[in-house]
Each structure stands twice: as structure tokens, then as C-alpha cells.
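Note sheet for the following structure.
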Amino acid sequence: MADYKEWYEEVSSPFRDKPERVKLLNLLNHGLVVLMYLAYPFLLLYGYRETGDIFNPAFLKLILVPGISFILVSLVRKGINRKRPYETWDIHPLVAKDKKGESMPSRHVFSEAVISMAWLYVFPPLGMVLLAVSLLGAAIRVIGGVHYPTDVAAGYAVGVLAGLFLWLV
């Protein structure tokens, strides 16, 4: 992107200089993180209730596919170690964040997508809703200035692809 700062200022302008909107953006960002952190244990409870056995292959997939892919994504992003927009450009993020590097792919968006795919595997209606909510989370992280659009697109795509392994294994 030739001038990311200019693009970011335009994208974030509906929120900039409007403290109530910035507060709402941060609240939504935090709320989506909490939602997904709760959705995963509930998924495991639901899966256990359905299988009745923690060693059942269907239940183990709900642990192993997200878990192994989370580890792999963490290693890849550590290797890429892309700087975050606020490290590279003179921008002030609207979402509170002070982490350095490891921006690509977005692990938050990846996690939201793979958890959504796991729900899609066991309960499709909720999985579809959560996939849409994950897109909202991706948009918030870009508007908030903590990720580039390519970071969240990669995180979402990798999360969906990782989730497809639930059907393949």
C-alpha cells in the first residue's frame, strides 16, 4: 500500500475524535475475545456431551485440530515477525495494544475462525453466526490500527482452512 497512513486515517475517521465510538470499538474488540474464549470451552462441553468419551475421535478432533493449528500459526507468525501498523507508520491505534511484531497472520482472527469452524462442524447454525462474528472481529482489528488487512485476511483464511481438517481427518 503506497500510503497506509492516509488509508488508515480514512478508514478510522468515523471513530477518530469521537471518544464514545472509540470506547465502543474497544468494548466490541474485548467482547469478541471473551465470546470466543467462552465459545471454545462450551464447544468442548457440547462435544463431550455428544460423545460421552474424551478419547472418542470426534471429541479429540475438537481439541487437536484447533490446538495443533494454533501452535503452528504461532510459530509461523514468530518467524515472519511482521511489524504492526503502529510500529511502521505514524498512526495512533484506536484499539489499545502495545505488542511489538508478530502481526502476520492475526492470531486473534485465526482463533476466532478456527473456533467458528469447529462449531460449524458440530452445530452448523451457530458456526455460521460465529464465522460472521469473526469477520467483524477482523474489521475491528484493522479499524483499530493493530493489524493490516492482509494480517486479518491471512488469519481468517488459515483458520477456515485449519477448520476444514475436522471433516478430513
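Here, each number is a calculation from the coordinates, and none is a lab measurement. This structure is a prediction, so every number in the text was calculated from the model and none was measured. Heads up, the Cβs are rebuilt from the backbone with ideal geometry, glycines too, and the neighbour counts pull from every protein chain shown.
Numbers below:
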{"quantity": "Filtered residues of the stretch 94-119 (kept if part of a loop (DSSP other than H, G, I, E, B) and either buried (at least 19 other Cβ atoms within 10 Å of the Cβ) or β-branched (Val, Ile, Thr) (or both))", "calculated": "94, 95, 102, 103, 104, 105, 106"}
{"quantity": "Some residue of the stretch 76-86 being closer than 16 Å to residue 161 by Cβ, assigned to a helix (DSSP H, G or I) and among the hydrophobic types (A, V, I, L, M, F, W, C)", "calculated": "yes"}
{"quantity": "Residues satisfying the stated conditions in the stretch 36-62, i.e. in contact with a helix residue (DSSP H, G or I) (Cβ under 7 Å, 6 or more places away or on another chain) and among the hydrophobic types (A, V, I, L, M, F, W, C)", "calculated": "36, 39, 43, 44, 54, 58, 59, 62"}
{"quantity": "Matching residues, the stretch 116-150, being among the polar types (S, T, N, Q) and either farther than 13 Å from residue 163 by Cα or in contact with a Cys (Cβ under 9 Å, 6 or more places away or on another chain) (or both)", "calculated": "134, 150"}
{"quantity": "The stretch 122-154: number of residues that are assigned to a helix (DSSP H, G or I), touching a helix residue (DSSP H, G or I) at 6+ places or on another chain (Cβ under 7 Å) and either at positive phi or among the hydroxyl-bearing types (Ser, Thr, Tyr) (or both)", "calculated": "1"}
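Yes or no, residue by residue, for (1) surrounded by 13 or more Cβ atoms within 10 Å (Cβ to Cβ); (2) not basic (Lys, Arg):
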{"site": "4", "(1), (2)": "yes, yes"}
{"site": "10", "(1), (2)": "no, yes"}
{"site": "14", "(1), (2)": "no, yes"}
{"site": "21", "(1), (2)": "yes, no"}
{"site": "34", "(1), (2)": "no, yes"}
{"site": "40", "(1), (2)": "yes, yes"}
